[in-house]
Structures are given as structure tokens and as C-alpha cells.
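Heads up: the structure comes next, in C-alpha cells.
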Amino acid sequence: MPFNLPKITKLLLIANIAGFVLQWLLGDARMQLFELWPLGDSLYDPSGAAPSFMPWQLLTYGFMHDPSNLFHLAFNMLALVMFGAPLEYTWGERRFLTYYLVCVVGAGLCQLLVGSMAVSQGQEPYATVGASGGVFGLLLAYGMLFPNQRVMLLFPPIPMKARTLVILYGVFELSLGLTGLQPGVAHFAHLGGMLFGWLLIRYWRGQPPFGGRPKPPRLGCAS
């Protein structure tokens, strides 16, 4: 139940719902500066009417959702509760919050790169919103920490190991991102959240590329 959630997971849940309500009450036009916009959109719109990228957007976009798409918010918050709570109980509040925010910002950086490249090629700039980058980072961490834990897909309802679910989702998102078969979804942001989450866990564990190389064996002298 939401009232029994650990502290940071509950606060993230409240922050996302509050952001959604503010967008619904104030209107999307007043909240555009908190959405993630690509670099170079002024080239597409020389009048400057289109919002431009600001550094804080790499964080604030992760607490906003399309007011017309309640399912997107509901799915992300369900995943936040399912995967975030056990990770917070395992890591503690500070490490869990650090991990989640790194995934949100990392996902934003990847999406910023992809979106800016699209604008430079003449495509219309578009904003990115949603907690999916952070949520996909949580999914990756859950699969790494609890690889044999059984989880159930929603559509279709098929049980599988968490490690298998992470692999399938990663391959699925990569294929959709490369082929463009599902436009309007920030697939590379999802992958970016998983990538930065994986790198952070490797860093915490002292594993390559952050160290952890095996030491050469010492040669002993026979007496």
C-alpha cells in the first residue's frame, strides 16, 4: 500500500503526481520550461517562440507527464512502487535517491543528444516528459540485484525471472529506437536510464571500467 512505502519511494511518487496535477491545472504552455527541449531548436524557429533547452530540464522533465495520458503516469508509478521499494530497502534512502536521479539525468542526456541530432537534420523540435528513464533504471537495478526473482508481466501476464525481463525490455527498446516503429516514445531515454544505472552500479562495486582489475599473482621464493 502507498502508506507503507519507504520514504524516498513515497516522496518520488508524490512528486510525480504533484507535477501531473500542476500541468493539468496550469496548462502545458506554462510548464514548457520544465520539459526537456533539444538543443538547436532556435534554428528551427528563429522567432524564438519555441522553448529552448535549459540545464534544469534534465531533472524536472522526469517529474512531468502528458496530462492527456493518464496511463503513462499510472504505469510509471506502478513500476516505481514495484521496483523502487525493494531497492530502497536494500540500498537505503541516500543511495537509492542518488541512483534514481542519476538515471533520470542520464536518460535526459541521451534523449537530449538524440533530439538535438534530429533538430539539426531539420526535424521539428519536441519536448520529452516522463519518469520512464528513472523507472527503466530501477528495472535494470532490480534485475541485477535480484536476477532470479520471479516477476509478472502485465501485458501479457507471463511470469519470468527479473534478469530475463531486463534483457527482453532492453532488446525491445533498442529495436524500437533504431527502427522507429513506435514514434512519440523516447526509447533512447529508456535505454539511457538503464545505461547510466548500470554504470553507477558498476562504479559502486568497483568493477570495470571503474577499477576492479585483477591483481597480478605474486611469485614466491622457494626456501
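The values are calculated or read from the model by the stated rules, or taken from the named source; none is laboratory data. What you are looking at is a predicted structure, and each value in this text was computed from that prediction instead of being measured. As a convention, Cβ positions derive from the backbone with ideal geometry for all residues, glycine included, and neighbour counts pool all protein chains shown.
Annotations
- Test for L43: is it surrounded by fewer than 18 Cβ atoms within 10 Å (Cβ to Cβ) and either more than 20 Å from the chain's Cα centre (by Cα) or at pLDDT 90 or above (or both): yes
- The residues listed here are V104, V114, V119; of these, the one that is crowded, with 24+ Cβ neighbours inside 10 Å, part of a helix (DSSP H, G or I) and out of contact with any strand residue (DSSP E or B) (no Cβ under 6 Å at 6 or more places or on another chain) is V104.
- Filter result for G92 (out of contact with any strand residue (DSSP E or B) (no Cβ under 6 Å at 6 or more places or on another chain), modelled with pLDDT of 95 or more and closer than 10 Å to A189 by Cα): no
- The residues of the stretch 172-208 include none that are loosely packed, with under 13 Cβ neighbours inside 10 Å, under 17 Å from C110 (Cα atoms) and at pLDDT 75 or above.
- Residue count for the stretch 56-109, restricted to those that are among the small types (G, A, S), closer than 18 Å to V21 by Cα and in contact with a Ser or Thr (Cβ under 8 Å, 6 or more places away or on another chain): 0
- Looking only at residues of the stretch 83-94 that are without any contact (Cβ under 8 Å) to a residue 12 or more places away in the chain and in a helix (DSSP H, G or I), we find that the one that is surrounded by the most Cβ atoms within 10 Å (Cβ to Cβ) is W91.
- Qualifying residue in the stretch 58-75 (condition: in a helix (DSSP H, G or I), under 21 Å from A162 (Cβ atoms) and at pLDDT below 95): yes
- A residue that is free of Cβ contacts under 8 Å to residues at least 12 places away in the same chain and among the basic types (K, R) cannot be found anywhere in the stretch 133-150.
- With respect to being among the small types (G, A, S) and modelled with pLDDT of 90 or more, A162 falls outside the description.
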